[in-house]
Amino acid sequence: MTQPTIAHPPLRVLPILVFSQFAGTSLWFAGNAVLPELRQSLQLQEGALALLTSSVQLGFITGTLVFAFLSLTDRLSPRLLFMLCALLGAGANALVLLVADSLAAVLTLRALTGFLLAGIYPVGMKIAASWYSTRLGKAIGYLVGALVLGTAFPHLLRGLGASLPWQQVLLAVSLLAALGGVLLYLLVPDGPFMSRGATFRVGNMWQAFRNKDFQAAALGYFGHMWELYTLWAFTPLILATAAPDLPAEQVSLYAFAVIAAGAVGCIGGGYLSQVWGSARVAFLQLLLSGLCCILSLLVFQADAPLLLVAFLLFWGMVAAGDSPQFSALTAKTAPAHLVGTALTVVVSIGFAITVVSIQITGFLLPLLPMPYVFALLFIGPALGLLSLRRLVKV
């Protein structure tokens, strides 16, 4: 059957998609934003940061594997799936308030939140792909920019409301996520390029990897993910260690700014992709973020807070800015009837890589000077650049 086409999607589609993605993904680092209070309540040591972050990542990986294995994103209504996961994720996040004295319960709820985020982030991209065909890189630039802002948002809440009880911060994030899910379901119908009818087969998960271009895009994305979430997770620690005189609320605000700067890279890269193509934009930004890994060896030892903040802002911008272009590349090179499943399985592998990177970084920090640890993140971008050469013909 020939897919219907439209000249332009309704004007409301992209703004609502962007808001809903922002709202839903604000659940991601909600635990990180209130880490000092949770650490005190649970009597945790410094390793709490890697532990809490990895529990969400592992939950997300499990969720994406389940969704990909069952091809849920290609068999069910993406709008309904997005709303249900946003509502349930909001509930899981809020329940932390009731079990804050139990480490096992907190980690379980954070893992459950991560599981449900698998029905928000990749599904949001699937919905975007159903509305935007020729301008997918630009549309996903906005969408991943929203994810970046959502990830950073709890730090902003913490920084602006340093005197607020941590319970109110978590509740505010949960209410925002629930609102985003409901608005998307009510106001964004399925797009004209929505592919339907995928049946369950185990081979669905791996069919796309037979394509060499898809492999190149996926491997580039994996290199990018080795760096990104480790940088995000440890940004408050980097600020507090390299600029120890910063007050706690300023650390939160700067952490928000560094992570949120990625939205500028995502949106700017989306516009550049209309001229240069997604592959070239992804290659350039991955190259710049890889260079930042190396330069951090000098900047983190410079004892210059202004230089540190400016450097981290630039690093945050380019480290996240290539993400939507990798998503666009994988969507374009995947089989049309398996776009959702292909995106989901690639994202799942990418987030498994973040767990390894975060845990290795957390293990090395007590053993090596901090600047040397973060310089090692260059390994990911370097391998990603080698893979991307196929797509940019360099």
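Failed condition for residue 291, given (1) surrounded by fewer than 24 Cβ atoms within 10 Å (Cβ to Cβ); (2) closer than 25 Å to residue 32 by Cβ, with all others met? Single failed check for residue 291: (2).
Each row is one residue, and each column tells you yes or no for (1) in contact with a Lys or Arg (Cβ under 7 Å, 6 or more places away or on another chain); (2) more than 27 Å from residue 61 (Cβ to Cβ); (3) buried (at least 24 other Cβ atoms within 10 Å of the Cβ).
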{"site": "299", "(1), (2), (3)": "no, yes, no"}
{"site": "320", "(1), (2), (3)": "no, no, yes"}
{"site": "343", "(1), (2), (3)": "yes, no, yes"}
{"site": "347", "(1), (2), (3)": "no, no, yes"}
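Among residues of the range 269-293 being within 17 Å of the chain's Cα centre (by Cα) and modelled with pLDDT of 90 or more, the one that is farthest from residue 213 (Cα to Cα) is 289. Would you call residue 249 acidic (Asp, Glu) and at pLDDT below 85? Considered against the rule, which asks whether it is acidic (Asp, Glu) and at pLDDT below 85, residue 249 comes out as yes. Checked against (1) in contact (Cβ under 8 Å) with a residue 60 or more places away in the chain; (2) over 22 Å from residue 168 (Cα atoms); (3) hydrophobic (A, V, I, L, M, F, W, C), residue 115 passes all but condition (1). All conditions but one from (1) surrounded by 18 or more Cβ atoms within 10 Å (Cβ to Cβ); (2) not in a helix (DSSP H, G or I) apply to residue 303; the one that does not is (1).
Of all residues in the range 230-239, one or more are among the aromatic types (Phe, Trp, Tyr) and within 17 Å of residue 289 (Cα to Cα).
Of the set (1) farther than 23 Å from residue 56 by Cβ; (2) in contact (Cβ under 8 Å) with a residue 12 or more places away in the chain; (3) assigned to a helix (DSSP H, G or I), all apply to residue 237 but (1). With the condition kept exactly as written, say whether any residue in the range 129-136 is closer than 22 Å to residue 352 by Cβ and of a type in the set (A, V, I, L, M, F, W, C). Within the range 129-136, none of the residues are closer than 22 Å to residue 352 by Cβ and of a type in the set (A, V, I, L, M, F, W, C). How many residues, within the range 240-279, are in a loop (DSSP other than H, G, I, E, B), under 22 Å from residue 304 (Cα atoms) and in contact with a helix residue (DSSP H, G or I) (Cβ under 9 Å, 6 or more places away or on another chain)? The number of residues fulfilling the criteria is 3.
The values are calculated or read from the model by the stated rules, or taken from the named source; none is laboratory data. What you are looking at is a predicted structure, and each value in this text was computed from that prediction instead of being measured. Here the Cβ is made from the backbone with ideal geometry for all residues, glycine too, and neighbour counts use every protein chain on show.
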